[in-house]
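Before any comments, here is the structure.
The values are calculated or read from the model by the stated rules, or taken from the named source; none is laboratory data. Note that the structure is a prediction, hence the values are computed from the model and not measured. Cβ sites come from the backbone with ideal geometry, for glycine too, and all protein chains shown count toward neighbours. Accessible surface areas use protein heavy atoms only, side chains included; no ligands, DNA or RNA. Shrake-Rupley method; radii C 1.70, N 1.55, O 1.52, S 1.80 Å.
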Amino acid sequence: MTVTVAELVGTVLGRLGAGHVFGVVGSGNFHVTNALRAAGVPFTATRHEAGAATAADAHARTTGVPAVLSVHQGCGLTNAMTGITEAAKSRTPLLVVAADTGGAAVRSNFRIDQDALVTAVGAVAERVHTPGSALADTVRAHRTATEQRRTVVLNLPLDVQAAAVPGLDSLDDVEVPDLVPLAPPRPAASSVAALAAALAGARRPMFVAGRGARGAGPELAGLAQRCGALLATSAVANGLFTGDPWSLGISGGFATPLAAELIADADVLVGWGCALNMWTMRHGALIGPDATVVQVDLDADALGANRPIDLGVLGDVGATAADVAVALDGPGRTGYRTDDVRARIATAGRWRDVPLDPPDLTGPDGIDPRVLSIGLDDVLPADRSVTVDSGNFMGYPAAYLAVPDEAGFCFTQGFQSVGLGLSTGIGVALARPDRLVVAALGDGGALMAAAELETVARLGLAMVVVVYDDRGYGAEVHHFGPAGDDLATVVFPETDIAAIGRGYGFDAVTVRTAADLDGVRDWVAGPRARPLLVDAKIASDGGSWWLAEAFRGH
Ligand SMILES: Cc1ncc(C[n+]2csc(CCOP(=O)(O)OP(=O)(O)O)c2C)c(N)n1
């Protein structure tokens with residue numbers, strides 16, 4: 001009896017707790033993927049490696065458990081590179097099991113420098129070097145992914161994969177080391193004292209929570225209550241404070257007018273696991289000229305990276321919030337939490353409370369995207385997860401579709417790539433099968449990822465795919481149109497995306513007016529035996545202001 005390296009690697013990753021494996025299986029990753037499955041890790045086949053990479057990324061973000069992406073050598077890996085880059089930039093703990101050509105196969109068609117490729121995009125290149133080191137190599141890759149929150153590509157050369165593991169007769173004899181869970185790093189006592197002093201002296205403290213604050217909502221809400229702070233999130237952390245009467249929702253380009261006003265008026269602004277980048281701070285416009293700016297982050301190089309800060313605290317967000325709450329002695333403070341502010345948040349805290357300006361644009365070209373989004377928010381069940389692709393349309397679902405909590409929003413925008421929203425929805429749907437996924441896409445992103453409509457239909461996922469169809473690359477149309485540029489490269493004839501959806505096995509509704517949302521209502525009320533595609537033909541908004549804002553940074 002022998003055990004191959006491929007069998008060992010899959011088994012070890014399964015025993016180490018991989019959550020789910022996504023991939024496109026070819027000869028090079030066939031055995032290792034089956035070993036993962038045999039070790040109890042569920043496998044999902046997508047129709048393109050790009051879809052597998054992003055579904056794995058979204059699954060890991062939603063569950064907090066590292067996911068696995070399995071790809072063929074060479075072209076399987078290159079097909080997955082955009083999703084791998086997104087995961088690497090977003091510090092997703094993701095393990096990519098990548099077949100690689102054998103060391104002597106120097107003329108193989110599949111041969112590329114896989115280490116250089118993945119290193120170039122910010123992932124960590126790891127390798128199973130020899131049959132004898134396979135266990136240690138695999139454990140090391142897993143530790144880097146989980147403990148350092150990195151996207152790690154574990155290259156598996158075909159010759160090493162096929163070799164027998166020396167001295168191992170049965171997979172039952174594999175001794176996988178127990179990994180010691182690491183406590184979240186606590187901040188220095190001097191940093192805790194300095195932040196407590198800043199908050200004690202604040203009249204209008206404001207907390208903006210980012211990706212690094214996910215999971216620490218209760219600690220932050222508790223501290224905010226003690227010091228009288230208002231709460232907001234970056235787009236990626238949307239949902240963290242859902243239901244809190246002092247929450248302003250998303251800070252930045254998607255912020256409501258009230259949120260923007262109150263954030264800009266803060267005298268102490270604390271970014272918790274939040275980069276305070278151009279998106280979240282509107283190029284700094286949301287930071288008052290005299291505001292004291294504090295940043296709390298696990299990574300030293302994140303502190304002050306985008307905006308000048310007055311205080312940087314190195315530490316885990318939850319641990320820091322808990323320690324500062326202890327240091328803030330005495331009775332709780334009113335701070336920003338006045339009756340007036342509370343009443344204003346209650347009446348104008350959500351985008352749907354803000355009167356449409358300009359008024360409803362619904363006309364011959366289609367439905368106003370705001371009216372569409374508000375209508376969908378009304379019709380679709382509240383127990384939902386929302387994923388959003390990139391494009392001019394992207395603020396509408398982010399701003400108007402309420403989410404129940406932070407797991408209810410997954411925003412794969414670290415690389416700002418069009419085409420990831422649908423596969424993000426697949427990963428989230430498998431991570432949270434109890435919820436309906438609403439995947440909001442532009443027509444560009446929808447058609448770029450269309451192959452994964454088959455995956456959604458085949459798996460029978462509880463999903464509504466909403467396509468904001470403006471018959472073109474709206475972001476470009478609105479950016480270049482006003483200057484009189486030739487737009488022939490970025491406009492397209494109308495496509496019957498509903499018919500495409502039906503072809504893949506979806507129910508589908510074409511929406512041109514608010515009345516057409518009855519078709520969505522009927523689907524929600526029915527058995528929902530098949531996923532739904534909403535092909536919304538939208539009227540032009542003349543260019544969304546958050547995108548105009550973003551282009552200032554290009
Ligand atoms: C992979 C990729 N290619 C190109 C771009 C540049 N780009 C940004 S937005 C956009 C248009 C997207 O069109 P669509 O999905 O229909 O959304 P819309 O802007 O029309 O709302 C393009 C091509 C990008 N961000 N990512």
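Helix-only arithmetic for the chain: the sum of -39500 (n - 2.57) across DSSP H runs with n ≥ 4, divided by the residue total, places the mean residue ellipticity at 222 nm at -10500 deg cm²/dmol. The Cα center of segment 335-389 and the Cα center of segment 183-218 differ in position by 30 Å. The charge dipole of the chain, taken about its Cα centre with unit charges on the Cβ of Lys, Arg, Asp and Glu (plus for the first two, minus for the last two), comes to roughly 600 debye.
How much net charge surrounds ILE538 when only other residues with a Cβ under 11 Å from its Cβ are counted (Lys, Arg +1; Asp, Glu -1)?
-3
Volume per residue for the chain equals 159 cubic angstrom (convex hull of Cα atoms).
Would you mind getting the accessible area per residue of segment 355-551, heavy atoms of the protein chains only, 1.4 Å probe, in Å²?
That works out to 37 Å² for each residue.
Amide hydrogen proximity for ALA508: with H placed 1.01 Å from N in the peptide plane, the residues at 5 or more positions away or on another chain lying under 5 Å are LEU533.
Taking only protein heavy atoms into account and a 1.4 Å probe, give the accessible area per residue of segment 5-173 in Å².
36 Å²
Each residue of segment 32-37 was assigned a 3J(HN,Hα) from its phi angle through the Karplus expression (A = 6.51, B = -1.76, C = 1.60, θ = phi - 60°), giving 5, 5, 5, 5, 4, 4 Hz with x at Gly and Pro.
Less than 15 Å Cβ to Cβ from TYR400, Lys/Arg counted +1 and Asp/Glu -1: what total charge do the surrounding residues give? Local charge sum for TYR400: -3. Here segment 88-103 and segment 1-57 have alpha carbon centers that stand 12 Å from each other. By accessible area, using a 1.4 Å probe on protein heavy atoms only, segment 189-348 has 52% of its surface on carbon and sulfur. Using alpha carbons only, what's the Rg to Rh ratio of segment 1-142 with Rh from Kirkwood? We get a ratio of 0.93 for segment 1-142.
Quick check on segment 189-348: take the gyration tensor over C-alpha atoms, sort the square-rooted eigenvalues as a ≥ b ≥ c, and tell me if it's rounded (a/c under 1.5), prolate or oblate. Cα axes put segment 189-348 in the rounded bin. Peptide packing: for 63-71, 172-180, 230-238, the average count of neighbouring Cβ atoms within 10 Å per residue gives the ranking 230-238, 63-71, 172-180, highest mean first. A cut-off of 5 Å between modelled amide H atoms, ignoring neighbours fewer than 5 places along the same chain, links ALA209 with ALA232, THR233, SER234, TRP272. Distances between placed amide hydrogens fall under 5 Å for SER385 paired with LEU436, VAL437, VAL438, all partners being 5 or more residues away or on another chain.
Here the Karplus curve 6.51 cos²θ - 1.76 cosθ + 1.60, taken at θ = phi - 60°, turns the phi angles of segment 254-260 into couplings of 8, 5, 5, x, 5, 4, 4 Hz, with x standing for Gly and Pro.
A simple rule links phi to the HN-Hα coupling: the Karplus curve 6.51 cos²θ - 1.76 cosθ + 1.60 with θ = phi - 60°, which for segment 278-284 gives 5, 6, 6, 10, 6, 6, x Hz, with x for Gly and Pro.
Relative protection proxy for 488-501, 280-293, 447-460, 398-411, from highest mean packing down: 398-411, 447-460, 280-293, 488-501 (other beta-carbon atoms within 10 angstrom).
With Cα atoms defining each centre, segment 490-554 and segment 242-286 are spaced 29 Å apart in the structure. Projecting the Cα atoms of GLY40, LEU401, VAL437 onto the charge dipole of the chain (Cβ charges, centred on the Cα centre) puts GLY40 farthest toward the positive pole. Neighbours of THR412 by Cβ distance under 15 Å: Lys/Arg scored +1, Asp/Glu scored -1, total 0.
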